[in-house]
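The structure appears below as structure tokens.
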Amino acid sequence: MKHNNQEVKAIGKYLRLSPIKAGRVLDQIRGKTYEDATLILQFMPYKACVNIKKILDSAASNAEHNNGLSKNTLQIKQAFVNQGPTMKRFQPRAQGRAFPIHKPTCHITLTVEALAPEQN
């Protein structure tokens, strides 16, 4: 049955996170079920977890509302991060010097799919 393997996507753009730090969290939840990933994100002590959990919830809600899939059957198929534009700022330093500060942003994409009934 082809309709069981529907992919549903959610994207978070221009998030004020380092792509490297966000990628570390995404490595932990890639391939997990929706319920497992939600639990992992809830108890990990990183700033990136808050944004990633919102995107995961959005993808699950998209699957439930638009495709009629149950949240219990969802699995994370893809989880990746791309680099966004860097905000450039300057910090004043001694003797009139300026020190550059780079504030990175990132785009996070999560794709979920329904598990086939025979895989349970």
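The values are calculated or read from the model by the stated rules, or taken from the named source; none is laboratory data. Only a predicted model underlies this, so the values are computations on that prediction, with no experimental measurement involved. Positions of Cβ are generated from backbone atoms using ideal geometry, with glycine treated the same way; all protein chains shown enter the neighbour counts. Surface areas here come from the heavy atoms of the whole protein model, side chains and all, with no ligands, DNA or RNA. Shrake-Rupley method; radii C 1.70, N 1.55, O 1.52, S 1.80 Å.
Tabulated results
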{"item": "Residues that are hydrophobic (A, V, I, L, M, F, W, C), within 23 Å of Q83 (Cβ to Cβ) and part of a helix (DSSP H, G or I), drawn from region 38-67", "result": "L41, A48, C49, V50, I52, I55, L56, A59"}
{"item": "Residue list for region 31-77, restricted to those being closer than 15 Å to T111 by Cα and aliphatic (A, V, I, L, M)", "result": "A37, I52, I55, L56, A59, A60, A63, L69, L74, I76"}
{"item": "Pairs, first buried (at least 21 other Cβ atoms within 10 Å of the Cβ) in region 16-31, second in a loop (DSSP other than H, G, I, E, B), C-beta under 7 Å, six or more apart", "result": "L17/K47; V25/M44; V25/Y46"}
{"item": "Top-ranked residue in region 73-115 [being surrounded by 12 or more Cβ atoms within 10 Å (Cβ to Cβ) and more than 20 Å from A48 (Cβ to Cβ); ranked as modelled with the lowest pLDDT]", "result": "L115"}
{"item": "Filtered residues of region 68-95 (kept if of a type in the set (A, V, I, L, M) and not in a strand (DSSP E or B))", "result": "L69, A94"}
{"item": "Single residue of region 1-15 satisfying the filter (part of a helix (DSSP H, G or I) and in contact (Cβ under 8 Å) with a residue 60 or more places away in the chain) that is least open to solvent (accessible area, probe 1.4 Å)", "result": "N4"}
{"item": "Count of region 32-55 residues which are touching a residue at least 24 places away in the same chain (Cβ under 8 Å), open to solvent by less than 90 Å² (accessible area, probe 1.4 Å) and over 14 Å from Q78 (Cα atoms)", "result": "3"}
{"item": "Residues (of a type in the set (K, R) and more than 14 Å from K9 (Cβ to Cβ)) located in region 44-90", "result": "K47, K53, K54, K71, K88, R89"}
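For every residue, the table says whether it meets (1) under 20 Å from L39 (Cβ atoms); (2) among the acidic types (D, E); (3) out of contact with any helix residue (DSSP H, G or I) (no Cβ under 9 Å at 6 or more places or on another chain).
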| residue | (1), (2), (3) |
| --- | --- |
| A60 | yes, no, no |
| G68 | no, no, yes |
| Q75 | yes, no, no |
| V81 | no, no, no |
| G84 | no, no, no |
| P92 | no, no, yes |
| G96 | no, no, yes |
| T105 | no, no, no |
| A114 | yes, no, no |
